[in-house]
Amino acid sequence: MLTEAGPASPVPLNAAKTRPIWENRHADPTRELDVTATRETRLGINEQFSISNRRFRDLADSAAFESLAATFPEDKVLWLDRADVDESRLTREQLAWRRHGYVILRGLIPDNLLDEYLALRGKHNVVLGAFGNFSPYCSYDEISAICMYWPLVDLIASLFGALLAPHFNLSACVSTQRGWHQDDYLNPDDTYSWYAATWIAIDDVAEEAGPFEYIPSSHRLPCMRGSLVKELLEPEVRGLDGGKQGGHHWATFAEGFVNRVYDNLIDERRLRRLRFLAKRGDVMIWHGKLLHRGSIPLNPDMPRPALITHYSNPLTRRDIGSDIRAYTNGAPYWFFQRSAPCRTRRFLVGPRGTRKRLQCAPMRRNNPAFQAAGTVLAISGRKMAKWGPDVV
């Protein structure tokens, strides 16, 4: 495994790999392409709550980034974000995270897990679109094995001083085309960027496919706050959470001016933009405050084979659910009961590549992976100081 603080470069690939379904000339991608609507279409999904493009522009021009953002209290942020950290004692990954807000791991995910995932997409004829919900790891072993791959979970834990739990997947193999944003602005204000996301390349990603773009070190900027953005929305829109109101979310209606505010910020400060041109098995982990976007593909028919997963702190966060379970390797995850039947997950690749039988029991506070902050957490046989908010 090779770690870097910049874009991934080509790495040797395993010649024997599963053929992606989108390379099958008999596959019909029409159904998935219909599911993956354009950003413009999604912005106009509910006319009674829609805001005119003119008002979008007016809001963006009158609302500066500083008026919608806040600086987090020093005692609430991650230990690597604090001013008094001794950088000489940090690992290479921790130093990259502290300085740049992301870590890139080349070839981290093994070929056998990627092959099983590609076979799953082929079995269910998921060509370019996504699986049926935003937590397919709860339904398929092939997805949970990647999200819960121990070297990945372990590395995230070394950055946060705690084991984070997955709760959200984006599984479409096309660019999201979402504009510039910080993930933590969509979270409750008291999350304070105890939040990470991973971008996993299932296969090589071409520049024409709309690769992931990001602005290094932008995690040091203040973070846009959802509560401040909501004040600019219509009252009937502010409470939409993507649940019972037809799946709509307040952030969808805010995108029109939020994207413009970030565009203005980037242009005014001349912030440097980078692209993650990933190879098969490469992983990028990014900070909850890092500015990023899904770029517009130059070739709309070209797939962008990736699996995106978002992780939060199970010690403190409950707004997304309280059913938190643990694998036998100690890794926590949020469980969501979806309408589609959930398969029983039987095995998971363990810390040394072994396959262990899983126990899907609710996580208990006496579980070693669920200790209160300030204690010592043993991960992969080593001791690591654990930082974070206290848990009652």
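The values are calculated or read from the model by the stated rules, or taken from the named source; none is laboratory data. The structure displayed is predicted, hence computed values, not measured ones. For neighbour counting, all protein chains shown are included, and Cβ atoms are generated from backbone atoms with ideal geometry for every residue, glycine included. To get the accessible areas, we keep the full protein, side chains included, count just its heavy atoms, and leave off ligands, DNA and RNA. Shrake-Rupley method; radii C 1.70, N 1.55, O 1.52, S 1.80 Å.
In this structure Arg269 has an accessible area near 110 Å², from a 1.4 Å probe over the protein heavy atoms.
Accessible surface for Met302 stands near 60 Å², nearest 10, in the context of the full protein assembly shown (1.4 Å probe). When the residues Ile200, Ile320 are ordered by accessible surface, computed with a 1.4 Å probe over the protein chains alone, the sequence from largest down reads Ile320, Ile200.
With a simple spin-label model that places each label point 7 Å from the Cα along the Cα-to-Cβ direction, the separation between Arg220 and His124 comes to 4.2 nm. Protein heavy-atom accessible surface, 1.4 Å probe, per residue over segment 108-228: 23 Å².
Net length available on complete extension from Glu234 to Thr316 is 26.5 nm, with 0.36 nm assigned per residue and the Cα-Cα distance removed. Simple rule: put +1 on each Lys or Arg Cβ and -1 on each Asp or Glu Cβ in segment 107-226, find the dipole, and look at Gly161, Gly179, Cys147; the Cα lying farthest toward the positive end is Gly179. Available extension along the chain between Arg178 and Asp241 is 20.9 nm, counting 0.36 nm per residue and deducting the alpha carbon span. When the surface is traced with a 1.4 Å probe over the full set of protein chains, Glu255 keeps roughly 10 Å² accessible. Working ranking of peptides 182-195, 73-86 by packing, defined as the average number of other Cβ atoms within 10 Å per residue, highest first, is 182-195, 73-86.
Apolar share of the accessible surface for segment 190-236: 44 percent from carbon plus sulfur atoms, 1.4 Å probe.
Can you tell me the FRET efficiency between Asp323 and Thr91 if r is taken as the Cβ-Cβ distance and R0 is 30 Å, rounded to the nearest 0.05? It comes out at approximately 0.35. Summarising the amide proton neighbourhood of His181: residues at separation of 5 or more, or on other chains, whose placed amide H is nearer than 5 Å comprise His292.
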